[in-house]
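Q: Pasting a structure here, questions to come.
The numbers here are math on the coordinates, done by the rules we state, and not lab data. These figures come from a predicted structure and were not determined experimentally. Cβ atoms come from the backbone with ideal geometry, glycine included; neighbour counts cover every protein chain shown.
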Amino acid sequence: MPALEDAVAVDEFEGPMVTDHQLTQLVEAISGLDDDQRAILNNIAAEAHRAVGSISAKVLPSRRRWLIARALVRWMRYGWDEDIVRAALAHVTGDPMCHQPMVGLGVIVGRLELAQADAFCAMALAVDDGHYSLTFDDNGTPCFAEAT
């Protein structure tokens, strides 16, 4: 019978395990957040835990969980705006319900599949690094476009 780590490492939903170095970098990035930012992150994690289960990369250092946490930290660094984060989630999932405030962010990120988590993280990095620009449609909904 394979070890638990081996079984989890090939899980299609969670993806492979991240390295100790990647996990350490994430922990350092989280510790660099201010108290308000960490409180938001903790609330999202608690909401996810209640709704769909843990998303903690410390509990299970999977690529999916690491990507979700990395993305949320990067959105914090960019300047946290829940509407922008919801727009990014709607963009990567194709689900307009992500815009609905009655659907908690923890529920949304907790249900992200590996490919969606990867896209969510890539978008956070691209926006923070200036590769994507934030625009707004006629209804005031945040949208993203490649920076020119």
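Q: Can you give the local net charge around VAL18? Use residues other than it whose beta-carbon is closer than 12 angstrom to its beta-carbon, Lys and Arg +1, Asp and Glu -1.
A: On the way: positive: LYS58, ARG63, ARG64, ARG65, ARG70; negative: GLU14, ASP20.
Neighbour charge sum, excluding VAL18 itself: +3.
Q: Same structure, new question: Counting other C-beta atoms within 10 Å, which of HIS91, HIS131 has the fewest, and how do the rest follow? All intermediate terms of the calculation are to be shown ahead of the outcome.
A: Details: HIS91 17, HIS131 12.
So the ranking, lowest neighbour count to highest, is HIS131, HIS91.
Q: Let me ask something else about it. If you put +1 on each Lys and Arg Cβ and -1 on each Asp and Glu Cβ, how big is the dipole of the chain around its Cα centre, in Debye rounded to 20?
A: Numbers: 11 positive and 22 negative charges, 58 e Å.
With only Lys, Arg, Asp and Glu charged at Cβ, the dipole is about 280 debye.
Q: May I ask for the angle, rounded to the nearest 10°, between helix 82-93 and the longest principal axis of the chain, with both axes built from Cα atoms and the value confined to 0 to 90°?
A: Here the helix axis deviates by roughly 70 degrees.
Q: Order these by the 10 Å Cβ neighbour count, fewest first: ILE68, ILE44. Present the calculation step by step, with values, prior to reporting the outcome.
A: Numbers: ILE68 26, ILE44 23.
Fewest-to-most Cβ neighbours within 10 Å comes out as ILE44, ILE68.
Q: Name the most mobile residue of GLU28, GLU113, GLU82, meaning the one with the largest mean-square fluctuation, in a Gaussian network model of the chain with Cα contacts below 10 Å.
A: GLU28
Q: Same structure again: Running a GNM on the chain with Cα contacts under 10 Å, which residue among ASP118, ASP20, ASP83 ends up with the highest mean-square fluctuation?
A: Fluctuation is largest for ASP20.
Q: For helix 114-128, report the angle its Cα long axis makes with the longest principal axis of the Cα atoms of the chain; keep it between 0 and 90° and round to the nearest 10°.
A: 50
Q: With a sphere of radius 12 Å drawn around the Cβ of PHE136, what net charge do the other residues whose Cβ falls strictly inside it have (Lys, Arg +1; Asp, Glu -1)? Walk me through the intermediate numbers first.
A: Working: positive: none; negative: ASP81, ASP83, ASP137, ASP138.
With Lys, Arg at +1 and Asp, Glu at -1, the net is -4.
Q: On to the next question. Kindly identify the chain as rounded, prolate or oblate by the Cα gyration tensor criterion: order the square roots of the eigenvalues as a ≥ b ≥ c, call it rounded if a/c is under 1.5, otherwise compare a/b with b/c, prolate if a/b is larger, else oblate. List each step's numbers first, then the result.
A: Details: a/c = 1.68, a/b = 1.57, b/c = 1.07.
Since a/c reaches 1.5 and a/b is larger than b/c, the shape of the chain is classed as prolate.
Q: I'd like the orientation of helix 20-31 relative to the chain: the angle between its Cα long axis and the longest Cα principal axis, in ° from 0 to 90, rounded to 10.
A: 50
Q: Considering the dipole of the chain built from charges on the beta carbon (Lys and Arg +1, Asp and Glu -1) around the Cα centre, which of VAL18, HIS99, PHE136 is farthest to its positive end?
A: Result: VAL18, furthest along the dipole toward the positive end.
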